[in-house]
1. Considering the Cα positions of region A:213-273, please state its Rg to one decimal place and its Dmax as a whole number of Å.
2. Taking 35 Å as R0, compute the FRET efficiency from the Cβ-Cβ separation of residue A:222 and residue A:4 and round it to 0.05.
3. Just to be sure I understand: with springs between alpha-carbon atoms less than 10 Å apart, which residue in A:303, A:107, A:294 has the highest mean-square fluctuation in the Gaussian network model of chain A?
4. For residue A:380 and residue B:255, what does the FRET efficiency come to when R0 = 51 Å and r is the distance between their Cβ atoms, rounded to the nearest 0.05?
5. Just counting partner chain Cβ atoms within 10 Å, what average do the residues of peptide A:190-202 show around their Cβ?
6. Can you pull the mean other chain C-beta count within 10 Å for peptide A:47-60?
7. Per-residue ellipticity at 222 nm for the protein assembly as shown, helices alone: DSSP H runs ≥ 4 residues times -39500 (n - 2.57), over residue total, nearest 500 deg cm²/dmol?
8. Given contacts defined as C-alpha pairs under 8 Å and at least six residues apart, what's the relative contact order of region A:1-123, whole-number percent?
Amino acid sequence: MKKVMEGNHAISYGVQASEVQVISAYPITPQTQIVERLSELCAGGELDAKFIKVESEHSAMAAVIGASAAGARAFTATSSQGLLLMHEMLHWAVGARLPVVLANVNRAVGPPWNIWTDQNDSLSQRDTGMLQLYCESNQEVFDTVLQAYRIGEKVMLPVMLVLDAFFLSHTSEIVDVFGPDEAREYLPPYRPAESLSPESPKAFGNLTGPDNYYELRYSIFNDMQRAIDVAKEADDEFERLFGRRYGIVEEYRTDGADTILVTSGTVTSTAREVVDELRDAGRAVGLLKMRLFRPFPTHEVRRVLGGRRKVAVIDRNIGFGVGGIFAQEIKSALWGVGEHLPLFSFIAGIGGRDVTPDVIKEIMDITDSSEMPTEEVYWIGVKDEQLSYLTK
Amino acid sequence: MSNYHISQNELMTSGHLACQGCGATQAMRFALKALGSRTVMVMPACCWSVIDGPFPHTAVQIPIFHTAFETAASTASGVKAGLQMRGDHETTVVAWAGDGGTFDIGLQALSGAAERNEDIIFVCYDNEAYMNTGVQRSSATPLGAWTTTTPYPHLKSRPKKRMLDILVAHGIPYIATASVAYPDDLVQKFYTARKISGMRFIHVFAPCPTGWKSPPEITVELARLAVETRLFPLLEVTDGKYYRVWKDLPKRPVRDYIKLQGRFSRMGDEEIDRIEQEVEERWQELLQRETLREMKTSS
């Protein structure tokens, strides 16, 4: 059924369709509508779940870990500072092999306070072992909730679903939603092989020395690698049942393209328009949308970018002391397999600054203007008057 | 309480990794006799995360979920909700934390769970310092005590946090203090707690010979002295209001307790007298609360 809804509510209805049994969350702008709508669905009996309204995000993640360990399907949602507070427990969910799903609304990290979108909150959880999927539309947000549970429960790892603050969270779009009855074939009830049960008393997570810990980490690594194929299968099956697919990455007009622009999140939608315009003007550019960030789709990136003339990457994030995080990951994927194409790394849109068609055109012009990058990192749109004020 | 029959069934096994004379180990053994096998335990970082034994061993015959230091109460809340959603409404969920995981780093999550009246039993086995990491002070460490982070002459300069009052302020259904020197009473209190639904808090006094610099063979004697000196009164509080204080025990001077422990070896007579006075004031205050709102029903 098609409904007009904001991205946050698309999450809530995805959770309802997934028949989540335990929810725990703490409110933070711009995530609040997710938990408000879930509270209403629980209160109205439209979702049979326990909602534990905790006193912090750290406790929210701990509670869903407990619920998942007891064998229930569990969900939490947060943003920015809340995700950072959860950090310790993200590692815990991974190590305990619990497939909880977390929706993170990308929001800049303070100080100074800023409630608008950028990716530093989620990308700084890069090495926790949580899967990460970045969404572009509210439809993709709804669909990805179901995909996240399907993938996570097959590899027994937690999954983070990421959506941009305001551009998705608070923007209404048409979303084709369905309920649990239609979802069940795609997402059967969660039945873990092991869970906390007095019938089968076991200790989970007790002290483990160098003789065993190493292999436990190796198994997480392997299951993360396996998650790439599992995510592809989850997307194929989703298309078979519901007629929509996203890929773990998506190519847009890459046929015959010399230069590929790489984006993630809602910048992608703007970039599609710019690519169309540049193509019409006879410039051989294409687009690669990064949807799955962890595990990193190394082979897909090599396949799409291999043999091109140049690549330009837009990062709505900054790794201080290094550069854009997606750019670093893409360089790393291309290195050592004979691909020496010039990579132009652009920072844009941090703290919710608009990434307009003109910004993307400027990025493509810079990429076109020299054979090799002239800077390690290009910061687009830095205001000189702001800088001179700051250095006074 | 004298008629209570303690189960002969041992859910705690030999082969655990506790120090000699460990009070926390006795606390677990007695608690499990009342809790029974339909129990799931959530354990944050504490001595017991080591005592239970390394992978693939465990020293208790109930499921244990080890969790991060500050999350005993929040993880236990999730476990209870998860079990209920799977149709298991019988299993007792217990958070089993040390004083650090209760008084300090775990206090926020504990307060949250208490305010929500989660259907769990939160147990604090209190050995009055961070013993697992090698005897550092916690907010449960008493005034004047030596620890590795309160070395002489910078001995603990503040009194022990009044945890009981914090829990009372949450108005939860059941609070009790218990001691490993009174196993029949301890078992009875866990049995009482098990039959109540909602948030229950049991504060178990558990001496630590390693950290207190006391001979391992006097653990039970120290635990008894803590009660008889009224440093650690045995009591119950229901609904955050109604008190029952164990009064019919002999009164011993605080000095008898202090003098047996190396951690108090620098404590002078004047300081001991001040502590005695403070203990008496606290005791009178407790009796007044009990007089004001005495527990009517026998539990």
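Read the figures in this text as sums done on the coordinates, not as results from a lab. Bear in mind the structure is a predicted one, so any value in this text is a computation, not a measurement. Methodologically, a virtual Cβ is constructed for each residue, glycine included, from the backbone with ideal geometry; neighbour enumeration extends over all protein chains shown.
1. 16.2, 49
2. Details: r = 43 Å, r/R0 = 1.22.
Once the sixth-power term is evaluated, E becomes 0.25.
3. Result for chain A, Cα springs under 10 Å: A:303 fluctuates most.
4. Working: r = 75 Å, r/R0 = 1.46.
It comes out at approximately 0.10.
5. Working: counts 1, 1, 0, 0, 1, 7, 14, 6, 13, 5, 1, 11, 6.
The mean count of partner-chain Cβ atoms within 10 Å per residue comes to 5.
6. On the way: counts 0, 1, 2, 7, 1, 9, 3, 9, 10, 5, 0, 6, 11, 2.
Per-residue shielding by partner chains comes out at 5.
7. Values: 23 runs with 266 residues, N = 691.
The per-residue figure over the protein assembly as shown is -12000 deg cm²/dmol.
8. On the way: 212 pairs, mean separation 29.8, N = 123.
So the answer I get is 24 percent.
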